[in-house]
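Only one structure is covered here, and it is reproduced in the block below.
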Amino acid sequence: MAKVGIMTFLHNENCGSGLQAWALQETLRELGWEPLGLDYRPDRAEQLRNLLRSGNSPAVVLDSMRRRKAKGVRNTAGFDRFRAERLALSAPCRNGAALREAARDCDVLLCGSDQVWSPEWLNPAYFLDFAQGQPRVAYACSLGVKTLPAKRKAEKMRRLVLPFRAVSLREEEGKNILQALLPQKPMAVMPDPVLLLPRARWLQLAGDPAPEPVLAAYFLRDNPAHWQKAEAIAAEKDLTLRPLAVTEEARGRAGAVPNPDPIQWLRVMASAAAVITDSFHGAAMAAVLGKPLTVVRRWADGDPASKNSRIDQLMRLLGWTNDAACLPSPVVDLRLSTERERALAWLQQSLQGGGQG
């Protein structure tokens with residue numbers, strides 16, 4: 001069985017990131033490949049080296065550290081358990097040399113999904129720059145932005161993407177950015193890995209939880225208006241508000257599930273009567289599970305730092321609009337099924353050597 005080495009985010013302790021990594025590995029197994037997650041845990045020297053060579057802003061790094069610290073205690077043990085039990089991983093890789101060694105026996109290297117190609121956090125490792133002649137495939141990589149990055153970073157990204165056998169992005173906006181840099185290179189837009197598995201597989205992973213009259217609220221940023229909206233929906237539908245709590249305010253609310261690991265998060269989503277979220281993966285999972293969904297915007301649409309393009313792409317895919325209820329329907333299920341088949345065909349063809357845009 002041919003082996004594919006995968007580079008994605010594994011240690012940001014985000015439930016959506018963890019579940020998309022699992023979904024991608026499961027999908028690759030079903031396609032007849034042996035997946036190996038390359039367990040990239042850069043040490044301080046590697047982090048500093050990347051900061052200097054990639055032109056990442058120290059202000060962005062410091063702001064991220066500040067926001068991470070503000071969230072307080074995290075469920076490290078739960079995520080460690082999830083990775084150990086659910087993912088096939090290499091030994092920890094602290095730098096590029098270790099990644100090269102871990103990937104030595106891989107027949108193909110694949111990066112994606114999630115924001116592994118973010119210009120703000122540009123890291124050549126997530127562009128598979130350590131490859132030793134293996135073909136490179138990008139599956140549903142997200143830039144998380146909708147405007148071209150600074151000229152220096154744009155040129156660096158152009159050089160990093162050029163060697164790829166096949167390239168797909170998760171959002172149309174990301175494709176447009178890279179297509180402008182490499183107009184002759186075929187590129188596609190592909191769905192996040194959580195959309196590659198049918199509802200039954202997710203329910204099986206969740207343990208087929210019994211339905212509960214709750215509104216699952218999953219916010220990655222505290223916003224009083226969003227909580228007010230959640231409370232109003234819960235009251236209108238006679239549901240109990242169940243915060244999946246990863247922020248300080250959410251953890252202090254009644255009925256909160258504090259710092260859930262990916263399986264706990266999935267169980268609440270699977271058992272809930274409805275979902276409200278500002279998260280891409282929260283919205284994507286609600287769609288797969290067939291839950292009535294309310295999406296709130298984490299960024300103002302005019303904000304230059306907005307990453308709303310991720311949810312916008314999902315809404316376009318499913319035929320939903322931001323000003324209407326996002327309701328499950330046979331039409332949504334058909335769109336998901338069609339997109340799943342399209343993505344599986346592209347992924348297999350790309351891995352085997354016939355990738356195209």
### Query
Counting only residues 5 or more places away or on other chains, whose amide H sits under 5 Å from the amide H of residue 40 once H atoms are built in the peptide plane?
93
### Message
Taking just the alpha-carbon atoms of the range 187-248, what radius of gyration and Dmax come out, in angstrom?
### Response
15.5, 46
### Summary
note: the chain, Cα-Cα separations exceeding 37 Å make up a percent value of 15
### Query
How many angstrom lie between the C-alpha centres of the range 281-336 and the range 1-49?
25
### Summary
The convex hull of the Cα atoms of the range 199-335, divided by residue count, gives a volume in Å³ per residue of 110
### Query
Based on DSSP H runs of at least 4 residues, each adding -39500 (n - 2.57), what is the mean residue ellipticity at 222 nm of the chain after dividing by all its residues, to the nearest 500 deg cm²/dmol?
-13500 deg cm²/dmol
### Task
Find how many whole Å separate the alpha carbon centroid of the range 195-252 from the alpha carbon centroid of the range 125-170.
34
### Message
For the range 199-335, what does the relative contact order come out to in percent, with C-alpha contacts under 8 Å and a separation of six or more?
### Response
23
### Summary
For the chain the mean separation of alpha carbon contacts under 8 Å (6+ apart) over residue count, i.e. relative contact order in percent, is 17
### Task
For the range 136-198, would you read off the P(r) tail past 21 Å as a percentage of all alpha carbon pairs?
18
### Query
Looking at the chain, what % of its DSSP beta bridges pair antiparallel, to the nearest 5?
5
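A short reminder: the numbers here are calculations on the coordinates, not readings from a lab. Just so it is clear, the structure is predicted and the values come from calculations on it, not from any experiment.
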